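A.B. asks: Questions regarding the structure given below will be posed in turn.
The values are calculated or read from the model by the stated rules, or taken from the named source; none is laboratory data. Since this is a predicted model, take the numbers as computed values, not measurements. Backbone-built Cβ (ideal geometry, glycine too); neighbour counts: all protein chains shown.
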Amino acid sequence: MRIQIINGPNLNLLGIREPEIYGKRTWEDYLKVLRNRYPQIRIDYFQSNLEGEIINKIQEVGFDRDGIVLNAGAYTHTSVAILDAIRSVTTPTIEVHISNVQQREEFRRYSMISSGCMGVISGFGLDSYRLAVEAILTNNRTE
Ligand code: DQA
């Protein structure tokens, strides 16, 4: 089994960026824990601050992974191009947010990409990524 995690803009600063919202843990630290928890799954990781690079990655991996876990960061709320990329590939995508976007500013309450995704997980801190992996595992079992 192979899952692709894609993090969008500013998520390279996890642990430093607004720790009261996104926590103090670094991504590298969390990813290690996640990979150890699922030794049977190959978890690939990609981060970019650039919209086009995120789209390139979705196109590159979107036909042969078992799932994409995507935190598109602020592009969630704006990017038709990322929505189109998600819809253009066959691998199911799960939209993930660390914070509960529904409890935040008005502009974060709308997601441009949700309609292309299998589901949305938001508000569980970094554990949102694990919950997305679980959703992909369950989906795979019941397929
Ligand atoms: C985020 C929420 C977005 O609104 C924000 O722009 C981010 C992170 C989250 O994980 O909670 O960069 O996707």
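A.B. asks: Scanning the stretch 104-123 for residues that are part of a loop (DSSP other than H, G, I, E, B) and either at pLDDT below 95 or among the basic types (K, R) (or both), which turns out farthest from the ligand (Cβ to nearest atom)?
C.D. replies: So in the stretch 104-123, the residues part of a loop (DSSP other than H, G, I, E, B) come out as 104-105, 109-113, 117-118, 123.
Narrowing further to those that are either at pLDDT below 95 or among the basic types (K, R) (or both): 104, 109.
Working: R104: 7, R109: 9 Å.
Taking the candidates together, the pick is R109.
A.B. asks: Could you please let me know if Y75 is outside any helix (DSSP H, G or I) and either surrounded by 13 or more Cβ atoms within 10 Å (Cβ to Cβ) or within 12 Å of the ligand (Cβ to nearest atom) (or both)? Steps first, please.
C.D. replies: Working: outside any helix (DSSP H, G or I): no; either surrounded by 13 or more Cβ atoms within 10 Å (Cβ to Cβ) or within 12 Å of the ligand (Cβ to nearest atom) (or both): yes.
Answer is no for this residue.
A.B. asks: Pairs, please: C-beta under 8 Å, at least 6 apart or cross-chain, first residue in contact (Cβ under 8 Å) with a residue 40 or more places away in the chain and in the stretch 76-101, second among the polar types (S, T, N, Q) and more than 15 Å from the ligand (Cβ to nearest atom)?
C.D. replies: T91/Q4; P92/N139
A.B. asks: Would you point out the residue of the stretch 94-103, among those that are more than 9 Å from the ligand (Cβ to nearest atom) and part of a helix (DSSP H, G or I), that is nearest to the chain's Cα centre (by Cα)?
C.D. replies: Q102
A.B. asks: Further, regarding this structure: Just to verify a result, which residue in the stretch 8-57, among those that are basic (K, R) and more than 12 Å from the ligand (Cβ to nearest atom), is surrounded by the most Cβ atoms within 10 Å (Cβ to Cβ)?
C.D. replies: The initial filter retains those residues of the stretch 8-57 that are basic (K, R), namely 17, 24-25, 32, 35, 37, 42, 57.
With more than 12 Å from the ligand (Cβ to nearest atom) added as a condition, the list becomes 24-25, 32, 35, 37, 42, 57.
Values: K24: 10, R25: 14, K32: 11, R35: 13, R37: 11, R42: 13, K57: 19.
So, considering only residues that are basic (K, R) and more than 12 Å from the ligand (Cβ to nearest atom), the one surrounded by the most Cβ atoms within 10 Å (Cβ to Cβ) is K57.
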